[in-house]
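Written below as structure tokens is the structure these notes are about.
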Amino acid sequence: MTDSTARRPRVHTVGIPRRDDELLVERYTTGEEPFYRPIGGGIEFGEHSHEAVVREFREETGYEVEPVELLGVAENVYEFAGTPGHEVSFVYEVAFVADDPYQRERLTVDEASDEETRTATWHTPADLRSGPEPCYPTGLFDLLADAERVASRGGGVTDSGSRTG
């Protein structure tokens, strides 16, 4: 078995809080190219993706969130800092329980696994799309646009996770 066949995709979850027309994303500066990504992290064995996104926000920001909607799942195969990667991302819209995070321009994100501190800031989707630094996961903006189309038609997501509308 080679190194690449022994590796497994990383399954994780990310959450996107909205403030009016802005999204909260954190900026990564590790590797060759800076990029943006919603806050989140790995799903632990036996943990549902919606539980993981709540835990990750609590651990990394100190704030509680509630999942609003599963926007979808994005799969990315990529290379980062010379190492191949494969991620399956459960993408949620989330809402902060407290008002404070919505009033702040920056949130500190502490990542215990790599002992790094990053900053999360608010950006419009248009700014993230047209900016010089990419925003991941790939397909994020398509998931956001699909959710907006469904919402505008009066549809939504049922408790079982299936779309209506």
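Every read-out reported here was derived from the displayed coordinates using simple, explicitly stated rules and does not represent laboratory data. Not measured: the values here are computed from a predicted model. Every residue, glycine among them, receives a Cβ derived from its backbone with ideal geometry; neighbour counts consider all protein chains shown.
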Open item on the list: Which of Val25, Val150, Val109 ends up with the largest GNM mean-square fluctuation for the chain, with Cα atoms connected below 10 Å?
Closed with: Val150
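Residue separation times 0.36 nm, minus the C-alpha to C-alpha distance between Glu66 and Glu33: what's the value? Let's see the in-between values first.
Values: separation 33, 0.36 × 33 = 11.88 nm, distance 3.14 nm.
Contour length minus Cα-Cα distance gives 8.7 nm.
Viscosity 1.306 mPa s, temperature 10 °C: Stokes-Einstein D of the chain from its Kirkwood Cα radius, in µm² per second?
Reported coefficient: 96 µm²/s.
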Task: Binned Cα-Cα distance frequencies in segment 56-105 - 5 Å width, integer % - done: 5, 16, 17, 18, 16, 14, 10, 4, 0
- [ ] Grab the beta carbon distance between Glu105 and Ala126, set R0 = 22 Å, and tell me the FRET efficiency rounded to 0.05.
- [x] 0.75
TODO: Quote the relative contact order of the chain in percent (integer), defining contacts as alpha-carbon pairs under 8 Å separated by 6+ residues.
DONE: 25 percent
Task: Other-chain or far-sequence residues with amide H under 5 Å of Glu64's (modelled H) - done: Val97, Ala98
